[in-house]
Amino acid sequence: ELKNIQEMEEKFRAKESISKIKRGEDVEKLFGEYKEIVDLSPPSIEDIDASPISQNFGEKVNISCTVVDNVAIADVFLNITYPDGSHSNFSIKQNKTDDTYFCDKTYSMLGTYDFYIYAVDTAGNGIASDASHFKIEDNTPPTINIIYPAGNESISGKVTIKWNATDNYDGKNI
(Lines give C-alpha, C1' and ligand atoms only; values in the text may rest on other atoms or scores of the structure.)
Protein backbone atom coordinates (compact mmCIF):
# COMPACT_ATOMS: atom_id res chain seq x y z
CA GLU A 1 0.00 0.00 0.00
CA LEU A 2 2.91 2.34 0.74
CA LYS A 3 4.23 1.78 -2.78
CA ASN A 4 0.88 2.84 -4.29
CA ILE A 5 0.88 6.07 -2.24
CA GLN A 6 4.43 6.92 -3.48
CA GLU A 7 3.43 6.27 -7.09
CA MET A 8 0.36 8.50 -6.70
CA GLU A 9 2.51 11.30 -5.19
CA GLU A 10 5.02 11.07 -8.10
CA LYS A 11 2.22 11.21 -10.69
CA PHE A 12 0.66 14.18 -8.88
CA ARG A 13 4.00 16.08 -8.81
CA ALA A 14 4.54 15.38 -12.51
CA LYS A 15 1.04 16.65 -13.41
CA GLU A 16 1.54 19.68 -11.17
CA SER A 17 4.90 20.51 -12.85
CA ILE A 18 3.38 20.23 -16.31
CA SER A 19 0.52 22.55 -15.38
CA LYS A 20 2.99 25.08 -13.91
CA ILE A 21 5.01 25.03 -17.15
CA LYS A 22 1.81 25.57 -19.13
CA ARG A 23 0.99 28.56 -16.89
CA GLY A 24 4.45 30.03 -17.70
CA GLU A 25 6.19 29.46 -14.39
CA ASP A 26 9.99 29.45 -14.42
CA VAL A 27 11.37 26.08 -15.60
CA GLU A 28 14.63 26.60 -13.67
CA LYS A 29 12.73 26.88 -10.40
CA LEU A 30 10.85 23.68 -11.18
CA PHE A 31 13.71 21.49 -12.42
CA GLY A 32 16.91 23.21 -11.31
CA GLU A 33 19.42 25.28 -13.23
CA TYR A 34 19.80 24.46 -16.92
CA LYS A 35 23.07 25.32 -18.68
CA GLU A 36 23.71 25.03 -22.38
CA ILE A 37 27.09 23.52 -23.17
CA VAL A 38 28.83 25.20 -26.09
CA ASP A 39 31.67 23.42 -27.89
CA LEU A 40 34.40 25.98 -28.64
CA SER A 41 37.30 23.55 -29.01
CA PRO A 42 38.46 22.35 -32.43
CA PRO A 43 39.51 18.74 -33.00
CA SER A 44 43.14 17.76 -32.58
CA ILE A 45 45.15 16.21 -35.42
CA GLU A 46 48.14 14.05 -34.49
CA ASP A 47 50.42 11.29 -35.79
CA ILE A 48 50.34 12.47 -39.43
CA ASP A 49 52.17 9.99 -41.62
CA ALA A 50 52.80 9.29 -45.31
CA SER A 51 54.09 5.79 -45.81
CA PRO A 52 56.39 5.30 -47.52
CA ILE A 53 57.73 8.86 -47.66
CA SER A 54 59.32 8.04 -51.04
CA GLN A 55 57.40 5.66 -53.29
CA ASN A 56 57.97 4.13 -56.72
CA PHE A 57 55.60 5.19 -59.50
CA GLY A 58 52.50 2.97 -59.62
CA GLU A 59 52.74 1.92 -55.96
CA LYS A 60 50.40 3.11 -53.19
CA VAL A 61 51.11 5.75 -50.56
CA ASN A 62 49.16 5.52 -47.30
CA ILE A 63 48.43 8.87 -45.64
CA SER A 64 47.07 8.56 -42.11
CA CYS A 65 46.43 10.64 -38.99
CA THR A 66 44.68 10.49 -35.65
CA VAL A 67 41.80 12.96 -35.17
CA VAL A 68 39.95 13.36 -31.87
CA ASP A 69 37.41 15.85 -30.52
CA ASN A 70 35.82 16.54 -27.15
CA VAL A 71 32.32 16.05 -28.68
CA ALA A 72 32.25 14.52 -32.19
CA ILE A 73 34.02 14.72 -35.56
CA ALA A 74 31.87 15.96 -38.47
CA ASP A 75 34.43 15.47 -41.28
CA VAL A 76 38.12 15.00 -42.07
CA PHE A 77 39.60 16.24 -45.36
CA LEU A 78 42.86 15.49 -47.15
CA ASN A 79 44.17 18.41 -49.20
CA ILE A 80 46.94 17.49 -51.65
CA THR A 81 49.08 19.79 -53.79
CA TYR A 82 50.53 17.91 -56.77
CA PRO A 83 54.03 18.49 -58.22
CA ASP A 84 52.50 20.61 -61.03
CA GLY A 85 50.77 22.92 -58.50
CA SER A 86 47.24 21.55 -58.96
CA HIS A 87 45.17 20.69 -55.88
CA SER A 88 42.81 17.99 -54.71
CA ASN A 89 40.67 18.22 -51.58
CA PHE A 90 38.44 15.32 -50.51
CA SER A 91 36.87 13.76 -47.44
CA ILE A 92 38.49 10.74 -45.83
CA LYS A 93 35.83 10.48 -43.10
CA GLN A 94 34.62 7.12 -44.42
CA ASN A 95 38.16 5.65 -44.23
CA LYS A 96 38.78 5.17 -40.53
CA THR A 97 39.66 2.70 -37.86
CA ASP A 98 38.85 4.01 -34.37
CA ASP A 99 40.31 7.56 -34.37
CA THR A 100 42.71 6.93 -37.28
CA TYR A 101 41.70 8.31 -40.69
CA PHE A 102 43.55 7.27 -43.85
CA CYS A 103 43.84 7.40 -47.63
CA ASP A 104 45.64 4.62 -49.52
CA LYS A 105 46.13 5.38 -53.23
CA THR A 106 48.53 5.64 -56.15
CA TYR A 107 49.70 8.92 -57.70
CA SER A 108 50.46 9.32 -61.40
CA MET A 109 52.80 12.30 -61.39
CA LEU A 110 56.50 12.12 -60.53
CA GLY A 111 57.75 14.63 -57.95
CA THR A 112 57.06 15.94 -54.46
CA TYR A 113 53.50 16.14 -53.13
CA ASP A 114 52.51 18.44 -50.24
CA PHE A 115 49.48 17.63 -48.15
CA TYR A 116 47.65 18.67 -45.00
CA ILE A 117 44.67 17.41 -43.03
CA TYR A 118 41.65 19.58 -42.16
CA ALA A 119 39.24 18.38 -39.47
CA VAL A 120 35.94 19.92 -38.38
CA ASP A 121 33.70 18.96 -35.46
CA THR A 122 29.91 18.95 -35.22
CA ALA A 123 29.93 22.50 -33.77
CA GLY A 124 31.78 23.81 -36.84
CA ASN A 125 35.17 24.22 -35.16
CA GLY A 126 37.88 23.44 -37.70
CA ILE A 127 41.63 23.07 -37.69
CA ALA A 128 44.30 22.42 -40.33
CA SER A 129 47.50 20.48 -39.73
CA ASP A 130 50.92 21.63 -40.80
CA ALA A 131 51.98 20.58 -44.28
CA SER A 132 53.67 17.22 -44.80
CA HIS A 133 55.29 15.72 -47.91
CA PHE A 134 55.88 12.55 -49.87
CA LYS A 135 57.64 11.85 -53.15
CA ILE A 136 56.78 9.71 -56.18
CA GLU A 137 59.79 8.49 -58.17
CA ASP A 138 60.47 6.23 -61.13
CA ASN A 139 62.98 3.74 -59.71
CA THR A 140 62.33 0.99 -62.25
CA PRO A 141 64.73 1.01 -65.24
CA PRO A 142 63.39 0.42 -68.76
CA THR A 143 63.41 -3.12 -70.16
CA ILE A 144 65.25 -3.56 -73.46
CA ASN A 145 64.79 -6.54 -75.78
CA ILE A 146 67.28 -6.73 -78.70
CA ILE A 147 65.58 -8.08 -81.83
CA TYR A 148 68.50 -7.94 -84.31
CA PRO A 149 71.15 -9.11 -84.20
CA ALA A 150 69.81 -12.06 -82.28
CA GLY A 151 73.22 -12.98 -80.91
CA ASN A 152 75.92 -15.57 -81.58
CA GLU A 153 76.38 -14.45 -85.20
CA SER A 154 79.28 -12.65 -86.83
CA ILE A 155 78.47 -9.30 -88.38
CA SER A 156 80.57 -6.66 -90.06
CA GLY A 157 80.18 -3.41 -91.88
CA LYS A 158 77.25 -1.11 -91.37
CA VAL A 159 74.71 -2.87 -89.13
CA THR A 160 71.19 -1.85 -88.16
CA ILE A 161 70.33 -2.82 -84.64
CA LYS A 162 66.65 -3.31 -83.80
CA TRP A 163 65.22 -3.39 -80.30
CA ASN A 164 62.08 -2.86 -78.24
CA ALA A 165 62.15 -0.87 -75.02
CA THR A 166 59.38 -0.63 -72.45
CA ASP A 167 59.06 1.31 -69.25
CA ASN A 168 56.57 1.30 -66.40
CA TYR A 169 56.25 5.10 -66.69
CA ASP A 170 55.01 6.59 -69.95
CA GLY A 171 56.78 9.94 -69.45
CA LYS A 172 53.70 12.09 -70.13
CA ASN A 173 53.92 13.74 -66.72
CA ILE A 174 57.63 14.60 -66.77
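The values are calculated or read from the model by the stated rules, or taken from the named source; none is laboratory data. Only a predicted model underlies this, so the values are computations on that prediction, with no experimental measurement involved. Note that we place each Cβ from the backbone using ideal geometry, even for glycine, and neighbour counts take in every protein chain shown. In case anyone asks, the SASA skips ligands and DNA or RNA and just uses the protein heavy atoms, side chains included. Shrake-Rupley method; radii C 1.70, N 1.55, O 1.52, S 1.80 Å.
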Among (1) open to solvent by 60 Å² or more (accessible area, probe 1.4 Å); (2) modelled with pLDDT under 95, there is one condition Asn56 misses while meeting the rest; what is its number?
(1)
Residue by residue through the range 60-85, note down the ones that are within 14 Å of Ile136 (Cβ to Cβ) and open to solvent by 40 Å² or more (accessible area, probe 1.4 Å).
Lys60, Asn62, Tyr82, Pro83, Asp84
Might you check whether a residue that is hydrophobic (A, V, I, L, M, F, W, C), open to solvent by 80 Å² or more (accessible area, probe 1.4 Å), out of contact with any Pro (no Cβ under 8 Å at 6 or more places or on another chain) and touching a residue at least 24 places away in the same chain (Cβ under 8 Å) occurs anywhere in the range 160-174?
yes
Report yes if Phe90 is in a strand (DSSP E or B), open to solvent by less than 80 Å² (accessible area, probe 1.4 Å) and in contact with a Ser or Thr (Cβ under 7 Å, 6 or more places away or on another chain), otherwise no.
no
What do you reckon, is Ala131 open to solvent by 60 Å² or more (accessible area, probe 1.4 Å) and over 27 Å from Asn168 (Cβ atoms)?
yes
Checking Ser132 against (1) more than 30 Å from Glu59 (Cβ to Cβ); (2) of a type in the set (Ser, Thr, Tyr); (3) in contact (Cβ under 8 Å) with a residue 40 or more places away in the chain, the condition it does not meet
(1)
